[in-house]
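**Student:** Before I ask anything, here is the structure I am working with.
The values are calculated or read from the model by the stated rules, or taken from the named source; none is laboratory data. What you are looking at is a predicted structure, and each value in this text was computed from that prediction instead of being measured. Cβ sites come from the backbone with ideal geometry, for glycine too, and all protein chains shown count toward neighbours. We work out accessible area using only protein heavy atoms, side chains counted, and drop any ligands, DNA or RNA first. Shrake-Rupley method; radii C 1.70, N 1.55, O 1.52, S 1.80 Å.
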Amino acid sequence: MAHIVVFTRNTPDTAAKVEVGANGAVTWGTAQLVLNPWDEYSVTEAVLQRDAHKGKATVISIGGEVHTDALKQALAIGMDQAIRIDSDAEHDALTFAMLAAAAIRKLGDVSLVIFGKEFVDSNSDAHIYMTARKLGWNAIGAVSKILALDFGAQTIRVERMIEEGKQVLSTRLPCVISVLKDINEPKSPSFIGIRKASKATIPVWTAADLGVSIGAPVVQISAYRNLPVRSGTCQIIEGSSDQEKAEKLIDILLKEKAL
Amino acid sequence: MSGIFVWIDHFRGKALPASWEAISAAQTLGGEITALVFGSGIGNLITLAFHYGAHKVIACEDATLADYRLEPYAALLTKLVKEHMPRAVLSGATTRGRELMAAAAAETESALLPDVTELSVDGAAIKAVHPAYAGKVLSDLAAMTPTVFITLRSRAFPLPTPDVSRSGEVINIAPAMPAEQIATQVEAFEEQRGSVNLTDAAIIVTGGRAVGSAEGFAPIRELAEVLGGAVGATRAAVDAGYIPYAHQVGQTGKVVSPNLYIAAGVSGSIQHQAGMRTSKIIVAINKDPEAPIFKIAHYGIVGDLFKVVPALTAAARAKLGK
């Protein structure tokens, strides 16, 4: 079955100024929460592949009600169904992976899970590969193109970006991939999509429904801190010509041992 | 339950600098450092691992490991961790390192501290600083499991000074997964043009939307070449099709931390800053003296990048004798 799953969540808008308040909590003022920016690509790719293979595309969030908007956005872009997994417990990547893997098993017929490159709030991609291993599936990260996908033969061939260049890899389905910005032009929600999403009922699953017992997280966040304030101001290099300014700047950079 | 493993990430026998930086990071944790070197034709890497500070090397030389693939690498690392129970397993936060550390952490129910910029030990806990919210704030993390997996942000820890007199014990082991069980095949590889890796680069010259066209990147490239640096780009320049995505720096691109970051025609959006604000020295070149980039830059030239950048190239050529 050509059933594709995307996991997403609501995160602060990329233009938001994120700070740690006096109470130690992370705040983003009046900025809106949006679909995790990297997931515009994973959701779009799931919709494109679903269309190409006449399959089904499901979007899932893990956390709570706060992620409903991200699920609706994904539905408006074209996902077929959304599921919200609610869990109040403090999450780390390993807990996420246990819940995600249990949800995939419950769906039963999933062959491909597509993640965006990372979640911008946790600023990590560890949950992607952990989910794959909890399923006992293979994972390929940093995919820039799906070259071939065959749900019948259960194979996938992808191009991926590594530090040294581009690689072509093939592997068996089911598997987990993460996709980069290069993979597609993100789809915007359609008018019909938005109407459909607003009417959609989103089932809520709990950890107990999934048979997952959540213990204490193995990674604890003891505090959030603001970035150190950069001391000093910008020294504007003055001069009578661009050439003079350039020479002054190169001299400074040589003195600073930056060159 | 002692000792630190450092996985040496390499491509066809060439190690990523982040792998040697990981040996520096391991030294902050204390204990015996064992470098894990997997692959084919790895003799030179074993020698280098000792030069960079490893006390011991566990080597697996095998054709199935010639190209990194997650399945055989994760199987081997998981087996080694279960056998030796190291206090920590370190790797650069490279594409391969992030996959492999997370996979082996999941297999062993261990904590993973991702993309770490600072590291310390506090009793039974390993503590780390991890930039969160796209690098806009810092989080202090603590991990308590018997083995802790850690990926390290490139250039956050110093490259150790190699000592060519050093050597040590090499333990050769067999792979953990037979060839026929490995589903993934590497079919082709195409090297990146101008192969300076942005995350490893000591100097980056970045062009923004003001570069105006693909040809407009020529002076940026020329300056980068004279300085021995890499070429970066803003999202606006990438989205406009001036340059491939591999060059993008920022929230939806690469996070970099060079010694010198020269931003030419870059306005300095909050998303771009998220990818470069930890650079040691930031230079801004912009026509608009009010551009936000000047707020985080150390040095600035107000002017037209098409005049200032070639002037910098000429000045650098003359003064560096190139």
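**Student:** Which of the numbered conditions does B:Arg166 fail, given that it passes all the others? Conditions: (1) open to solvent by 50 Å² or more (accessible area, probe 1.4 Å); (2) among the basic types (Lys, Arg); (3) closer than 20 Å to B:Arg277 by Cα; (4) assigned by TED's automatic domain parsing to the domain that holds B:Thr78.
**Tutor:** Evaluating B:Arg166 over (1) open to solvent by 50 Å² or more (accessible area, probe 1.4 Å); (2) among the basic types (Lys, Arg); (3) closer than 20 Å to B:Arg277 by Cα; (4) assigned by TED's automatic domain parsing to the domain that holds B:Thr78 leaves (3) as the failure.
**Student:** Based on what the data block shows, is B:Ala183 of a type in the set (Gly, Ala, Ser) and buried (at least 19 other Cβ atoms within 10 Å of the Cβ)?
**Tutor:** No.
**Student:** Which residues, taken from the range B:133-146, are of a type outside the set (A, V, I, L, M, F, W, C) and at the interface with chain A (Cβ under 7 Å from one of its Cβ atoms)?
**Tutor:** Quick first cut of the range B:133-146, residues of a type outside the set (A, V, I, L, M, F, W, C) only: B:133, B:135-136, B:139-140, B:145-146.
Once the filter is applied, which keeps residues that are of a type outside the set (A, V, I, L, M, F, W, C) and at the interface with chain A (Cβ under 7 Å from one of its Cβ atoms), the range B:133-146 yields B:Tyr133, B:Gly135, B:Lys136, B:Ser139, B:Asp140, B:Thr145.
**Student:** From B:Ala183, B:Ala233, which residue is free of Cβ contacts under 8 Å to residues at least 60 places away in the same chain and in contact with a strand residue (DSSP E or B) (Cβ under 7 Å, 6 or more places away or on another chain)?
**Tutor:** Step by step, each of B:Ala183, B:Ala233 is checked, and only B:Ala233 is free of Cβ contacts under 8 Å to residues at least 60 places away in the same chain and in contact with a strand residue (DSSP E or B) (Cβ under 7 Å, 6 or more places away or on another chain).
**Student:** Considering (1) crowded, with 24+ Cβ neighbours inside 10 Å; (2) assigned to a helix (DSSP H, G or I), say which one B:Val205 fails and leave the rest.
**Tutor:** (2)
**Student:** I'm trying to understand the selection: among the residues of the range B:189-198, which are closer than 20 Å to B:His10 by Cβ and surrounded by 11 or more Cβ atoms within 10 Å (Cβ to Cβ)? So that I can check it myself, show each step before the final result.
**Tutor:** Of the range B:189-198, the ones closer than 20 Å to B:His10 by Cβ are B:189-192, B:195-198.
Answer for the range B:189-198, where residues must be closer than 20 Å to B:His10 by Cβ and surrounded by 11 or more Cβ atoms within 10 Å (Cβ to Cβ): B:Phe189, B:Glu190, B:Gln192, B:Val196, B:Asn197, B:Leu198.
**Student:** Can you spot a residue in the range B:234-257 that is touching a Cys at 6+ places or on another chain (Cβ under 7 Å), of a type in the set (Gly, Ala, Ser), under 26 Å from B:Tyr133 (Cα atoms) and facing another protein chain (nearest Cβ under 10 Å)?
**Tutor:** No, that holds for no residue.
**Student:** Please pick out the residue among A:Ile192, A:Ile146 that is over 30 Å from B:Val116 (Cα atoms) and free of Cβ contacts under 8 Å to residues at least 12 places away in the same chain.
**Tutor:** Result of the check over A:Ile192, A:Ile146: A:Ile192.
**Student:** Answer yes or no: is there a residue in the range B:67-81 that is assigned by TED's automatic domain parsing to the domain that holds B:Val170, open to solvent by 40 Å² or more (accessible area, probe 1.4 Å) and under 29 Å from B:Glu180 (Cα atoms). Quick ask: steps written out before the conclusion?
**Tutor:** Of all residues in the range B:67-81, those assigned by TED's automatic domain parsing to the domain that holds B:Val170 come to B:67-81.
Restricting the remaining residues to those that are open to solvent by 40 Å² or more (accessible area, probe 1.4 Å) gives B:67, B:79.
Among the residues that remain, those that are also under 29 Å from B:Glu180 (Cα atoms) are: B:67, B:79.
So far as the range B:67-81 goes, yes, one or more of its residues are assigned by TED's automatic domain parsing to the domain that holds B:Val170, open to solvent by 40 Å² or more (accessible area, probe 1.4 Å) and under 29 Å from B:Glu180 (Cα atoms).
**Student:** Go over the candidates B:Leu100, B:Leu113, B:Leu119 one by one and state the one that is buried (at least 20 other Cβ atoms within 10 Å of the Cβ), outside the structural domain of B:Val256 (by TED's automatic domain parsing), touching a residue at least 40 places away in the same chain (Cβ under 8 Å) and not in a helix (DSSP H, G or I).
**Tutor:** Sole residue among the options that is buried (at least 20 other Cβ atoms within 10 Å of the Cβ), outside the structural domain of B:Val256 (by TED's automatic domain parsing), touching a residue at least 40 places away in the same chain (Cβ under 8 Å) and not in a helix (DSSP H, G or I): B:Leu119.
**Student:** So, A:Cys175, is that one touching a residue at least 24 places away in the same chain (Cβ under 8 Å) and within 9 Å of chain B (Cβ to nearest Cβ) or not? Outline the logic, then answer.
**Tutor:** On the way: touching a residue at least 24 places away in the same chain (Cβ under 8 Å): yes; within 9 Å of chain B (Cβ to nearest Cβ): yes.
In short, yes.
**Student:** Filter the range B:166-218 for residues that are within 10 Å of chain A (Cβ to nearest Cβ), over 30 Å from B:Gly265 (Cβ atoms) and acidic (Asp, Glu) and give the result.
**Tutor:** Of everything in the range B:166-218, just one residue is within 10 Å of chain A (Cβ to nearest Cβ), over 30 Å from B:Gly265 (Cβ atoms) and acidic (Asp, Glu), namely B:Glu187.
**Student:** Run down B:Thr47, B:Thr28, B:Thr64, B:Thr78 and say which single residue is part of a helix (DSSP H, G or I) and touching a strand residue (DSSP E or B) at 6+ places or on another chain (Cβ under 6 Å).
**Tutor:** None of the others qualify; the one that does is B:Thr28.
**Student:** So, in the range B:122-132, of the ones that are open to solvent by 30 Å² or more (accessible area, probe 1.4 Å) and part of a strand (DSSP E or B), which residue ends up nearest to the other protein chains (Cβ to nearest Cβ)?
**Tutor:** B:Lys127
**Student:** Under the condition of being outside any loop (DSSP other than H, G, I, E, B) and in contact with a helix residue (DSSP H, G or I) (Cβ under 8 Å, 6 or more places away or on another chain), which residue from the range B:133-150 is farthest from B:Gly275 (Cα to Cα)?
**Tutor:** Restricting to residues being outside any loop (DSSP other than H, G, I, E, B) and in contact with a helix residue (DSSP H, G or I) (Cβ under 8 Å, 6 or more places away or on another chain), the top hit is B:Phe149.
**Student:** What number of residues within the range B:275-314 satisfy the criterion of being within 8 Å of chain A (Cβ to nearest Cβ), among the small types (Gly, Ala, Ser) and either in contact with a Leu (Cβ under 7 Å, 6 or more places away or on another chain) or surrounded by 22 or more Cβ atoms within 10 Å (Cβ to Cβ) (or both)?
**Tutor:** 4
**Student:** Now for a different question. Note down all Cβ pairs under 6 Å where the first residue falls in the range A:236-259 and is within 8 Å of chain B (Cβ to nearest Cβ), the second is part of a helix (DSSP H, G or I) and open to solvent by 70 Å² or more (accessible area, probe 1.4 Å), and they're at least six residues apart or on different chains.
**Tutor:** Here the result reads A:Ile237/A:Lys248; A:Asp242/B:Lys307; A:Ile250/B:Lys319, each pair linking the range A:236-259 to a residue that is part of a helix (DSSP H, G or I) and open to solvent by 70 Å² or more (accessible area, probe 1.4 Å).
**Student:** Filter the range A:1-24 down to the residues that are surrounded by fewer than 17 Cβ atoms within 10 Å (Cβ to Cβ), of a type in the set (A, V, I, L, M) and touching a residue at least 40 places away in the same chain (Cβ under 8 Å) and list them by number.
**Tutor:** Of everything in the range A:1-24, just one residue is surrounded by fewer than 17 Cβ atoms within 10 Å (Cβ to Cβ), of a type in the set (A, V, I, L, M) and touching a residue at least 40 places away in the same chain (Cβ under 8 Å), namely A:Met1.
**Student:** Filter the range A:130-143 down to residues that are within 10 Å of chain B (Cβ to nearest Cβ) and farther than 19 Å from B:Gln181 by Cα, then give me how many there are.
**Tutor:** Total meeting the criteria: 4.
**Student:** If you don't mind, another one. Given the condition assigned to a loop (DSSP other than H, G, I, E, B), open to solvent by less than 30 Å² (accessible area, probe 1.4 Å), closer than 13 Å to B:Leu90 by Cα and among the β-branched types (Val, Ile, Thr), answer yes or no: does some residue in the range B:12-23 qualify?
**Tutor:** Taking the range B:12-23 first, the residues assigned to a loop (DSSP other than H, G, I, E, B) are B:12-13, B:16.
With open to solvent by less than 30 Å² (accessible area, probe 1.4 Å) added as a condition, the list becomes B:13, B:16.
Add one more test, that the residue is closer than 13 Å to B:Leu90 by Cα, and what stays is none.
Within the range B:12-23, not a single residue is assigned to a loop (DSSP other than H, G, I, E, B), open to solvent by less than 30 Å² (accessible area, probe 1.4 Å), closer than 13 Å to B:Leu90 by Cα and among the β-branched types (Val, Ile, Thr).
**Student:** Could you list, in sequence order, all residues of the range B:83-93 that are closer than 16 Å to B:His130 by Cβ, open to solvent by less than 10 Å² (accessible area, probe 1.4 Å) and within 14 Å of another protein chain (Cβ to nearest Cβ)?
**Tutor:** B:Ala88, B:Ser91, B:Gly92
**Student:** Counting residues that are open to solvent by less than 10 Å² (accessible area, probe 1.4 Å) and of a type outside the set (A, V, I, L, M), which strands (runs of 3 or more DSSP E) fully inside the range A:25-142 reach at least 2?
**Tutor:** A:56-63, A:110-116
**Student:** Right, something else. Among (1) free of Cβ contacts under 8 Å to residues at least 12 places away in the same chain; (2) more than 11 Å from every other protein chain (Cβ to nearest Cβ); (3) at positive phi, there is one condition B:Thr161 misses while meeting the rest; what is its number?
**Tutor:** (3)
Each row is one residue, and each column tells you yes or no for (1) touching an Asp or Glu at 6+ places or on another chain (Cβ under 7 Å); (2) within 19 Å of A:Phe115 (Cβ to Cβ); (3) open to solvent by less than 60 Å² (accessible area, probe 1.4 Å).
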| residue | (1), (2), (3) |
| --- | --- |
| A:Thr171 | no, yes, yes |
| A:Ile177 | no, yes, yes |
| A:Ala197 | no, no, yes |
| A:Ala200 | no, no, yes |
| A:Val204 | yes, no, no |
| A:Ala207 | no, no, yes |
| A:Gly215 | no, no, yes |
